[in-house]
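The values are calculated or read from the model by the stated rules, or taken from the named source; none is laboratory data. What you see is a predicted model; the values in this text were computed from it and never measured. When we count neighbours, we look across all protein chains shown, and the Cβ atoms used for this are built from the backbone with ideal geometry, even at glycine.
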Amino acid sequence: MKKFIIFFLVIVIVLVGVQMGFALSAPQTTLMEKQLLADGDMEKAGVTGWINGNSTLTKVTNEPKGGKQSIHILVTASTVGYAGQTILTTGKKYHITGWARGDGASTHPAITTAGAVKWSGTNSTSWQHFDITVAADGTVARLYAYGALSGTSDFDDVLVTEYTGSAQTQEKQLLKDGDMETSGTANYAAYAGGIISKTTSVVRSGKQAYEVQADYHNRGSFQNNVVAVGKKVRITGYARGDGTIVPRVSNGALTAIWTGTSATSWQYFDAIFTQAGTTAIYFVSGTDAVGTIYFDDVMVTEYKGGEQTIEKQLLVDGDMETSGTGSWTNYSNAIPTKTTVNQKSGRQALRVTYLGSVSSGFARNANNLTVGKRFRATGWARSDGTLVPRILTQSNIFWIGTNSTSWQRVDGIISATQAGILLGSATAGTSTSYVEFDDIMITEVP
């Protein structure tokens, strides 16, 4: 199973619970941090508790990221409006994660704590993931619609917790200066004519990011002595392009682990690989052109496999590593197969090929959900460039992606009204169109 939670934390929690004399139920990763934002999942009726700044706030049921609804921010004065809550202490650090989307026109989502913008999305109507650590320069956590009068943005499944550093220290970081906050570039080296520097103008979180200029694919930068050859490791982080060239992370043999897009928005990556060639990790271009790529908040840790999980996986063959498709059946005009080309991790991924006779096609997994309970879906999906991948239970949508051929992060929560789980697309295509899924995990949540 490809899921990463540190095993010793479970032991510590159990021992503390026993010593204090209370009974522990099965732990959930979301309970390790205290949620400071009231109604962060946006499932409460109405918008009571939210501060409205130059905006009209409503809850909408149009394709929420998870659950039944999201918060909708309509700008009513100036060019920016926000939904906020007074929950922060100036000077303290906070970890903020969640999802947001723009209106497809002139307005994009953003996050501030009163001062400078801490995160900025795009005007895309697709859900965009954010995961930032910030020092609060005010007391109000603000979710912004930013751009134009009458513009809109939506937010869903937002989690605000006080940052203690534990999220970055649960596993041993193998990459030096992975958060890119060290002054200078002494921990990195230029490769094949690349030019490297730190930038304070294009930053995902903290004060600076890593900037790499390159003029051809597989040129840019590397860090040596990160991972021993033969070791299995996980790498996570963020990267972005400049509108021309694409960022790429490669192993010690310069084999691509992850390749992003040329988009100027930050793109999340999460990959498992076995080190080969040398001990280096490469941060390079994937394009035969001159340009600049950026990296931030990169973490490399030793992969310890299933030993690290504390959640019960409800999806049969969610990592897609079982031979064949015995756990998957055709539901509404599709053929499920396994593919060994461009899988997210491991040896294979699930491909759902659309048959072309109706406007949707899905692969169905076993009836593993309990109607009325809440469940979370995480993992990865991608398109062939035509269809739009989605995960649902007939009428409840966990997640909807885009028609990008790059792997897209899946993360959504629903209250189940059906027991079966469907992976596929509701977009019309040809008889050869397909979507792919990998490392999908379904777990019960409070």
- Message: Need the failing condition index for residue 430 against (1) closer than 21 Å to residue 325 by Cα; (2) modelled with pLDDT under 85; (3) not charged (D, E, K, R), just the number.
- Response: (1)
- Note on the structure: residue 156 vs (1) under 30 Å from residue 224 (Cα atoms); (2) modelled with pLDDT of 90 or more: all pass except (1)
- Task: Give the residue that is surrounded by the most Cβ atoms within 10 Å (Cβ to Cβ), with candidates limited to residues of the stretch 89-121 that are aliphatic (A, V, I, L, M) and assigned to a strand (DSSP E or B).
- Result: 100
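Among what's in the stretch 193-220 and is of a type in the set (A, V, I, L, M) and touching a residue at least 40 places away in the same chain (Cβ under 8 Å), pick the residue that is nearest to residue 97 (Cα to Cα).
Our first condition is that a residue be of a type in the set (A, V, I, L, M); within the stretch 193-220, this holds for 195-196, 202-203, 209, 212, 214.
When the remaining residues are screened for being touching a residue at least 40 places away in the same chain (Cβ under 8 Å), the result is 202-203, 209, 212, 214.
Working: 202: 19, 203: 16, 209: 19, 212: 27, 214: 31 Å.
Here the answer is 203.
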